[in-house]
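Report on the following structure.
The values are calculated or read from the model by the stated rules, or taken from the named source; none is laboratory data. Not measured: the values here are computed from a predicted model. Every residue, glycine as well, gets a Cβ built from its backbone with ideal geometry; the counts of neighbours run over all protein chains shown.
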Amino acid sequence: MKALYPYIFLIPVYIILVTGCVEPYAPPVIESDVNYLVVDGFVNSSNGTATVKLSRAIALSATTTPPPETGAAVSVEDDRGNSTSLSGDNTGNYTGAGIPIDITGKYRLRIRTIDGKEYISDYIELKQTPAIDELAWIPTDAGTQITVTTHDDTGNSRYYQWSYDETWEYTAVYQSGLIFVDDTVAIRPYDEYIYRCWRTTSSQKIIIGSSDRLAEDLISKFPLITIAKGSQKLFIKYSMLLKQRALTREAYDYWEQLQKTTESLGGLFDPQPGKVAGNVHSTANSEEPVLGYFSGGTVVEKRLFIKFMDLPDDLKAYLTVGNCTQDTVLMADLPQYESNFNELLGTATEGPVTIGFIYTSKSCADCRTQGGSLMKPDFWQ
Amino acid sequence: MTRKLPPLLFVFIFLLTATAFSQRSTRITAEFTSATFQQVVTSIEEQTNYRLSFNPSWTDSLVINLSVSNEEVASVLSKIFADTEFHYNIYQDNIYITRERQILTELPLDFFGQGNITAKPAATFDYTDFEQREKKKKLAEEKLYNIGPKSDNLQGKATLAGTVRDTKSGEPVIGASVYVENPMIGASTDQFGHYSLTLPKGQHILKIKSIGMKNTHRQIMLYNNGRLDIEIDEDITPLKEVVVESDRDARVTGMQMGMEKLDIKTMKQMPLALGETDIMKVVLTLPGVQTVGEGTVGLNVRGGATNQNLILYNDATVYNPSHLFGFFSTFNPDVLKNVELYKSGINAEYGGRLSSVLDVHTREGNLKKISGSGGISPITGRFSLEGPIIKDKTSFLLGVRSTYSDWILDRVKTKELKNSDASFYDLNASISHKINDDNNLYISGYMSRDRFKLNTDTAYTYSDRNASLKWKHIFNPKLYGVLTGTYSQYEYSVTSNSNPVNAFKMDFAIKQWNAKADLNYFPNAKHTITAGAGVTRYGLSPGNYQPHGSESIVTPDVLQDEQALESAVYIGENFEITPSLSIYAGLRYSYYQSYGPREVYRYAPGVPRQESTIQDTVQYGSGPIATYHGAEPRFSVRYLLSDNASLKFSYNRMRQYIQMLSNTTVIAPTDIWKLSDSYTRPQIGDQISLGFYKNMRGNMIETSVEGYYKKIQDATDFKDGASLLLNHHIETDILNAQGKAYGVEFMVKKSTGKLNGWISYTYSRTMLKTAGATSTETINNGTYYPSSYDKPHAVNFIGNYKFSRRFNFSLNMVYSTGRPITLPIAKYDLGGTLRVYYSDRNAFRIPDYFRTDISINVEGNHKVRKLAHSSWTFAVYNLLGRENAYSVYFVSEKGRINGYKMSIFARPIPTITYNFKF
């Protein structure tokens, strides 16, 4: 009873914060024609290139992936009459180079799809992105928080968007020193080691920030992500390549709306989700929804490394064995050894005699099973 | 104690006529076989000097079989009266036979007819309080009160007025029925306990009934206009019983329709979440009242938005009646008296909101003695104290309620809760002062404050404060007036200091001053006239964004203040054309001006209002910027089909000049209010409703059917993704919508008996249409779409079963259709992440809502004399643990789309509350 005592008084807080429950919900199957065009376009003004990805929306209940829109005629136009056509591939990506860039000019996208419909974007301004002042990490209670600091002395940027690629080095639980090839066991060659991997993923969430309400155009220690303690990302070394883009006010509003209606829901006081209007429109039917956004400007990048040894002690966590077990296959049983599911670690001996081999499941010895690659990235220090 | 007892006065008449005899013996010898008491008396008077005084009509039921030999008369009488209600008293040679009580040496109440029935009897015998009150009541009921100077002229009519008060506490009794049966003329006491009746001159039996009070009557002889104050007793035994005596007749015979009145006793009985009696939650169980989500106090009355309810606390407007995100309402149950909810047929004296009036009254303090009450529930502790300042003249009432979770949290904080806290308190204070019979003064103050922080560095506080001062003056029995001044203030602030550079504080505040005068005039039995005028000044600071701390480089951003003046005059008359046909006709005229100083943007005509279409800025001085005014007619008619069935119809128009801006579905603590201006037009609502009422089994069962149709002009609606906070051009995000709502409400109510409660079914729809000039100003293609609180089917069941006086069981069941939501219909890939695309607004619904609660009240013993009365309430909210959806939402996570259903009270929540009263 004594141990329970303080928890009784937690009831009010418990009721408010915890009795609630969140469960997966399968929406009703909604039959409707949702074959809307999706445009994700960007003009990079530092090198005069443009990339546009065209695809189609699918029903929420569909199990397929959204199909690319191929065979469209896509061009970037500026407000002085220049037009540059982009060339498309079979994945819906359209690229172009040599676009005459004038940072003060206005640009728009013109798309004619294979079914003959024409879409046109609003004219956009190109935004010059200031350099990233600092990409840093700080230990917090929740884990390792990565923050960005940037500023623009001209005060023209104000709205920022970030995306990142993160790469981390990790190992499998056990190191495989032997290899099973052609029904025999051999010493694993060094270049076929499967113990150490590097995995790279890209940001999925919308990360935007604004200095709109500040006296200076300064983004100070804006939290990008927090890596929880015990994450594989920080067992050895972690790196983030941060890409920063200055946004126009309109683009910022778009991403903010998209973030509000597709990411930040689930609170007590959610805004009503609604349609998020992009800046591409059908020329024939202004009511037709066109999803996505077209923007342009420059991109700046900065890379950060975090080494395990630099972490404070309370954030250091070590790889654990988990469910990985070791077993022995006797020489005689070797023909029955399932090399597709297992990896050999070393020899099993009884005195001086090798009686068989120690093995473990593939996921415990082959780091690639966890999504990484054996290739050490070029930038890895 | 329901026997009718002749007055003790008789005894005194006998006393005066008694004669003394010389001393003989005090013993008798006799043999009585089936003898009458008269025979016994004859024997005693023959054998002794005693003379007996008694009332023969009392004693004729006595049959005496007794054989005595030389026994003391006292002993003989003791034997005869053993096990009867008779008593005897020997005084010299006289023996007085009384019934029920031994003889009293004090004079009966108001013996000399001075009209003061509260005179305290000299206590010769050791009566308990209870018995004394019973006696007083009997005396008061038997006495004939002469009203007005005596005269022979009993032609014509005269007006009787006065106040009905609780004998024990001296508090006025609100809503008591005061009536005579022949002819059937009646009135209800108003919020001051005041009544006024115009009756034919002559003798009447005036009956008085009220919720939770004992029925009583007064015999009056009405000579001319006069005054009669009445004290009535609390019905002491059914402490938690629902007794709606006064309303029972009212439902059929009263003029008012679409009105629900809840007594605090009714409310205390209902099982509720978190162990706290909560008027807003009780109101939600009434037909026609809906809410979008569990744990919110936002009421949607007959298809109205949450900001369309006028919530009055002792006449002062309350802007945010919620504590703790809405899990509690800000009204401390201990100081409340009753709550009236008007859904239709709203009288002309009320105005300013479209959908309903929720009129909350607090009690007046005990005029007789200091008393207090309180309670402890898992979340809050509350205490109230009341008593006389000057006995029978001035009383005070103080109430305080606060969470204590904070204190505990500090001691047991876990990692998850480290950055969270939530606390609130509210304070109430009131003083009522009786200057004299014709003048009363009421002062009331109220304050509530909330603070919370949920796992972030952003702290929210909000506070509602108000005060009211009322002076009631009775000019004559036919006319009284009330002068009221109120002040209301609501403010909130958001503070964030996670990063010192960006730390900010944002404030919102609204202030409201109101002064009004109301007159009630009762020219004769058939007419009641109310009239008045009022003026309200609004001052609103829509947003003030400031740096917080010295390191902050946040630029201050202050939105322009808004000011407005709303004035109104009204007159209304209740006219009883025939005993079965009554009409009420009222007219309110409101005049509204928003005024400067203020800058107003002008937009290019013919294109959507947005930042890019701002043409120029107009600078207004302190003069008017926008003016709106209009008539608000109110009309009701009641036709009695029979003694216990009636038909009622009403129409009313309301105008609302201040609106809440919220694009969340529930009321959020950061919602802002906006005064009507050049772009935001006032909302206008018209409602017609028709009802049929029938009481059965001697008014024990009440049934009603009410249907309504409502049209709303210029309801506020918002563009998708509207940004409402700190928006300098908020008119670009607000849309004017047209609304319509209709429905029918069925209710069966059993008010008395061991088993009581009600069941109601409501079918209702509420739709909005926003068809602007351009597509960005149009929602769902300009067609009607269901509003967020459109819940077509709703069933409520409230049942109480009283096992004994100390043990009471309640069951509460609620069902409603799930509220509409906007669901995604499509998904698409953007930058490698799947995102959703939303359908038309509110095209789908969350799953239906169903909840069952139970509660058990256990009263302490019913000894009349003890230190404190206490009770325990055990309740289980959501007994079946049904996971009712609060919301359904979809989020993009790790590149995929996941749908979730969120429930707030997904498990049974047991609570124990301890209440005490002394």
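Table: residues versus (1) small (Gly, Ala, Ser); (2) part of a loop (DSSP other than H, G, I, E, B); (3) surrounded by fewer than 20 Cβ atoms within 10 Å (Cβ to Cβ); (4) in contact with a strand residue (DSSP E or B) (Cβ under 9 Å, 6 or more places away or on another chain).
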position	(1), (2), (3), (4)
B:Lys168	no, yes, yes, yes
B:Tyr179	no, no, no, yes
B:Pro183	no, yes, yes, yes
B:Ala187	yes, no, yes, yes
B:Ser196	yes, no, no, yes
B:Leu199	no, no, no, yes
B:His204	no, no, no, yes
(request) Please give the helices (runs of 4 or more DSSP H) falling wholly within segment B:56-158 in which 2 or more residues are modelled with pLDDT of 70 or more, assigned by TED's automatic domain parsing to the domain that holds B:Thr216 and of a type in the set (A, V, I, L, M). (result) B:129-142
(request) State whether the residues of segment B:406-417 include one that is part of a strand (DSSP E or B) and either modelled with pLDDT of 90 or more or within 11 Å of chain A (Cβ to nearest Cβ) (or both). (result) no
(message) Being more than 23 Å from B:Arg602 (Cβ to Cβ), β-branched (Val, Ile, Thr) and assigned by TED's automatic domain parsing to the domain that holds B:Ala645 is true for just one of B:Thr732, B:Thr774, B:Thr752, B:Thr716. Which residue is that?
(response) B:Thr752
(request) Kindly indicate whether B:Ala35 is in contact with a helix residue (DSSP H, G or I) (Cβ under 6 Å, 6 or more places away or on another chain) and modelled with pLDDT of 80 or more. (result) no
(message) When the residues of segment B:312-355 are narrowed to those that are under 22 Å from B:Pro287 (Cα atoms) and touching a Leu at 6+ places or on another chain (Cβ under 6 Å), which ends up modelled with the highest pLDDT?
(response) B:Arg353
(request) Return yes when A:Tyr293 is buried (at least 16 other Cβ atoms within 10 Å of the Cβ), among the aromatic types (Phe, Trp, Tyr) and more than 14 Å from every other protein chain (Cβ to nearest Cβ) and no when it is not. (result) no
(message) Here is a list: A:Thr325, A:Thr347. Which entry is at pLDDT below 90, over 30 Å from A:Ala57 (Cα atoms) and surrounded by 14 or more Cβ atoms within 10 Å (Cβ to Cβ)?
(response) A:Thr347
(message) Looking at segment B:569-597 only, could you name the residues that are among the polar types (S, T, N, Q) and in contact with a Gly (Cβ under 7 Å, 6 or more places away or on another chain)?
(response) B:Ser590
(request) Return only the number of the condition from (1) facing chain B (nearest Cβ under 8 Å); (2) in a strand (DSSP E or B); (3) among the charged types (D, E, K, R) that A:Glu301 does not satisfy. (result) (1)
(message) Can you say whether B:Ala773 is in contact with a Phe, Trp or Tyr (Cβ under 8 Å, 6 or more places away or on another chain) and either within 22 Å of B:Pro820 (Cβ to Cβ) or not in a strand (DSSP E or B) (or both), as far as the supplied structure shows?
(response) no
(request) For segment A:202-235, enumerate the residues that are in contact with a helix residue (DSSP H, G or I) (Cβ under 9 Å, 6 or more places away or on another chain), among the basic types (Lys, Arg) and more than 8 Å from every other protein chain (Cβ to nearest Cβ). (result) A:Lys229
(message) Any residue at all in segment A:62-85 that's out of contact with any strand residue (DSSP E or B) (no Cβ under 9 Å at 6 or more places or on another chain) and either over 17 Å from A:Pro100 (Cα atoms) or within 10 Å of chain B (Cβ to nearest Cβ) (or both)?
(response) yes
(message) It is to be established whether one or more residues within segment B:845-855 are buried (at least 18 other Cβ atoms within 10 Å of the Cβ), over 30 Å from the mean Cα position of the chain (by Cα) and more than 8 Å from every other protein chain (Cβ to nearest Cβ).
(response) yes
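Residues are listed down the side, and each one gets a yes or a no for (1) surrounded by 19 or more Cβ atoms within 10 Å (Cβ to Cβ); (2) in contact with a strand residue (DSSP E or B) (Cβ under 7 Å, 6 or more places away or on another chain); (3) among the polar types (S, T, N, Q); (4) closer than 30 Å to A:Arg368 by Cβ:
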| position | (1), (2), (3), (4) |
| --- | --- |
| A:Gly230 | no, no, no, yes |
| A:Leu241 | no, yes, no, yes |
| A:Ala251 | yes, yes, no, no |
| A:Ser264 | no, no, yes, no |
| A:Val280 | yes, yes, no, no |
| A:Glu301 | no, yes, no, yes |
(message) Suppose the filter is of a type in the set (Asp, Glu) and more than 22 Å from B:Thr833 (Cα to Cα); does A:Asp313 pass it?
(response) yes
(request) Being of a type outside the set (Gly, Ala, Ser) and more than 9 Å from chain A (Cβ to nearest Cβ) is the filter here, so list the residues in segment B:815-839 that pass it. (result) B:Tyr815, B:Thr817, B:Arg819, B:Pro820
(message) Need the failing condition index for B:Phe746 against (1) more than 30 Å from B:Asn808 (Cα to Cα); (2) touching a strand residue (DSSP E or B) at 6+ places or on another chain (Cβ under 7 Å); (3) of a type in the set (A, V, I, L, M, F, W, C), just the number.
(response) (1)
(message) Please verify whether A:Tyr238 is of a type in the set (Phe, Trp, Tyr) and more than 12 Å from chain B (Cβ to nearest Cβ), treating the condition exactly as stated.
(response) yes
(message) Please list, ordered by residue number, the strands (runs of 3 or more DSSP E) wholly in segment A:152-269 having 1 or more residues that are closer than 30 Å to A:Glu125 by Cα and not charged (D, E, K, R).
(response) A:159-171, A:196-202, A:207-210, A:218-228, A:237-247
(message) Which count do you get for residues in segment A:323-362 that are touching a Ser or Thr at 6+ places or on another chain (Cβ under 9 Å) and in contact (Cβ under 8 Å) with a residue 60 or more places away in the chain?
(response) 10
(request) Starting from residues that are in a loop (DSSP other than H, G, I, E, B) and of a type in the set (D, E, K, R), keep the ones in segment B:720-746 and report whichever is modelled with the lowest pLDDT. (result) B:Asp720
(request) May I ask you to verify whether B:Ser839 is of a type outside the set (Lys, Arg) and farther than 23 Å from A:Glu287 by Cβ? (result) no
